[in-house]
1. Sketch the reach of a paramagnetic label on Trp8 as a point 7 Å from Cα along Cα-to-Cβ, and name the residues of the stretch 38-64 whose backbone nitrogen lies under 20 Å away.
2. Just check the stretch 1-66 against the gyration tensor rule for me: Cα atoms, a ≥ b ≥ c as the square roots of the eigenvalues, rounded for a/c under 1.5, and otherwise prolate or oblate depending on whether a/b exceeds b/c.
3. Net charge near Arg86: determine it from the other residues with C-beta under 13 Å of the C-beta of Arg86, scoring Lys and Arg +1 and Asp and Glu -1.
4. Can you tally the net charge around Gly6? Count Lys and Arg as +1, Asp and Glu as -1, for every other residue whose Cβ sits under 12 Å from the Cβ of Gly6.
5. Using Cα-only point scatterers and the Debye equation, what is log10 of I(q)/I(0) for the stretch 2-115 at each q in 0.11, 0.16, 0.22 Å⁻¹, rounded to two decimals?
6. Taking H placed 1.01 Å from N in the peptide plane, check which residues at least 5 places from Glu54 or on another chain put their amide H under 5 Å from its amide H.
7. Once you keep just the Cα pairs under 8 angstrom separated by 6 or more residues, what percentage relative contact order results for the stretch 1-72?
8. Under a plain spin-label model, where a point goes 7 Å from the Cα along Cα-to-Cβ, how far apart in nm are Asp18 and Glu59?
Amino acid sequence: MIKRIGDWRLEEELNRGDDPVVVLFVATGVEPCVKSRLDFRNLAQDYFLTRFFEVDLLENPSLVRRHRIRKVPTLAVFQGGVEQIRQTGPWMRTALQRVLGPGPSSEADAQTELDGNGDG
C-alpha cells in the first residue's frame with residue numbers, strides 16, 4: 001500500500017526503525033511522473049511488507065531542497081534514515097531488488113517466511 005505523505009511526516013517515517021522505506025518524489029502534471037506512479041503501485045504490491053510513500057513536491061516544496069531533488073520522478077530507498085539508493089527518471093526494478101531483495105511472490109509466501117517454515 002502506498003501512502004501519500006507530506007513534509008513533517010516523511011522525516012518521521014524515514015527515521016522510524018531500520019526497515020527500508022521507499023519514496024517516490026513526483027510532481028503533479030509532469031508526464032514522466034504519471035507512468036512512474038503506475039509502476040510504483042505495481043512495485044508496492046510485490047513488496048507489500050515494505051513501507052512505500054509518494055511525495056508530491058509541488059505540495060511539499062521544502063522537500064526539494066532537503067532531499068536535493070533535481071529531476072522528477074525520483075525514487076529513493078532509505079534505511080535507518082539514510083538514503084541507500086536513488087534513481088532518477090525511469091527507474092529499474094533491479095536497483096530496488098539490490099536493497100530489498102527479490103520480495104515474496106505472494107502474501108502466503110511472506111507468511112511462510114515470517115513463520116520460519118520457508119525452505120531458505
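1. Residues 53-64 qualify, since their backbone N sits under 20 Å from the label point.
2. Details: a/c = 2.61, a/b = 1.06, b/c = 2.46.
Oblate shape, in that a/c is at least 1.5 and b/c is the bigger or equal ratio.
3. On the way: positive: Arg68, Arg70, Lys71, Arg98; negative: Glu83.
Neighbour charge sum, excluding Arg86 itself: +3.
4. Details: positive: Lys3, Arg4, Arg9; negative: Asp7, Glu11, Glu12, Glu13, Glu54, Asp56, Glu59.
Summing Lys/Arg as +1 and Asp/Glu as -1 gives -4.
5. The calculated log intensity ratios at q = 0.11, 0.16, 0.22 Å⁻¹ are -0.34, -0.71, -1.31.
6. Amide H to amide H, under 5 Å and 5 or more residues apart or across chains, Glu54 pairs with Lys3, Arg4, Ile5, Leu24.
7. On the way: 79 pairs, mean separation 34.7, N = 72.
Dividing the mean separation by the residue count of the stretch 1-72 yields 48 percent.
8. 3.3
Every number in this text was worked out from the coordinates using simple rules, so none of it is lab data. In this text, all values refer to a predicted model and were calculated from it rather than measured experimentally. Heads up, the Cβs are rebuilt from the backbone with ideal geometry, glycines too, and the neighbour counts pull from every protein chain shown.
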